[in-house]
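Only the coordinates and a few stated rules stand behind these numbers; no lab work does. Just so it is clear, the structure is predicted and the values come from calculations on it, not from any experiment. We place every Cβ from the backbone using ideal geometry, glycine too, and count neighbours over all the protein chains shown.
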Amino acid sequence: MPQPDHVSALGAPDAASLDEDIQQVFSKCVDKLGFVPNVLAAYSLRPNKLRNFMAMYNELMLAPSGLSKLEREMIAVVVSSANHCYYCLVAHGQAVRALSGDPQLGEMMVMNYRVAQLDPRQRAMLDFAWKLTKSPEVVTEEDRQALRSAGLSTEDIFDLADTVAFYNMSNRMAIGTDMIPNPEYHGMNRPEPFLPPPRE
């Protein structure tokens, strides 16, 4: 059964009607991915908010940080798992598959990150991301100290909290407007079906 066939419940303007800078971004997306991510199309309903969203995303996810790009995508998926955000689970689950080369890791992040064999630093980051999402009122200095003990610097902790906060906001926008992920994401970065060797 296919997923709903819309960008969001609020629709999206015709790309040809958008300002040139946004059309250029969309063109780059088509060149790189083969499609315009629906989150960008949905945000184009409010062009200045789209520009701000892209600037924040680029700073959080692509700028230099003590957190690797893969770790930041893992954080995005764990936050989205806690929030049951369909759009972000599909889109960022694909990014984890792409960056790690491991489709199983992508599935574990989506379903239950605790199943994954992570190093202590990554486990501490994702535990913090989950807690800050599900029970932010009980986060204390003890939680930040646990991150320091796992090897995170002060700047790393800032970037971690910033990434968690961004995806909590993004999840709520996606859910609130019923954004639907591009169907292409589902099949990306998945290997050919694995067939176990025949039994002798």
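Taking every alpha-carbon pair under 8 Å whose residues sit at least 6 apart, the chain reaches a relative contact order of 30 percent. When only the Cβ of Lys, Arg, Asp and Glu is charged (+1, +1, -1, -1), the dipole of the chain relative to its Cα centre reaches about 220 debye. Among residues other than Arg97 with Cβ under 9 Å from its Cβ, the summed charge is -1 (Lys and Arg +1, Asp and Glu -1).
Fully extending the segment from Asp162 to Gln3, taken as 0.36 nm per residue of separation minus the present Cα-Cα distance, adds 54.1 nm. A simple spin-label model places the labels of Gln24 and His84 4.2 nm from each other, with each point 7 Å out along Cα-to-Cβ. Structural descriptor for segment 1-61: relative contact order 37 percent, calculated from alpha carbon pairs under 8 angstrom and at least 6 residues apart. Would you please classify the overall shape of segment 141-192 from the alpha carbon gyration tensor, given that a ≥ b ≥ c denote the square roots of the eigenvalues, rounded means a/c under 1.5, and beyond that prolate means a/b larger than b/c while oblate covers the rest? Cα axes put segment 141-192 in the oblate bin. Is the chain rounded, prolate or oblate when judged by the Cα gyration tensor, a ≥ b ≥ c being the square roots of its eigenvalues, rounded requiring a/c under 1.5 and prolate requiring a/b larger than b/c? In terms of gyration-tensor shape, oblate. Pick from Ser44, Ser27, Ser17: which residue has the top mean-square fluctuation in a GNM of the chain where Cα pairs under 10 Å get a spring? In the Gaussian network model the winner is Ser17.
Springs between Cα atoms under 10 Å define the GNM used for the chain, and in it the highest mean-square fluctuation of Val77, Val30, Val96 occurs at Val30. Segment Thr140..Asp14, full-extension length gain: 40.7 nm, with 0.36 nm per residue of separation and the alpha-carbon distance subtracted. When the C-alpha to C-alpha distance is required to be over 28 Å, the pairs from Lys49/Lys134; Lys32/Lys134; Lys28/Lys69 that qualify are Lys32/Lys134.
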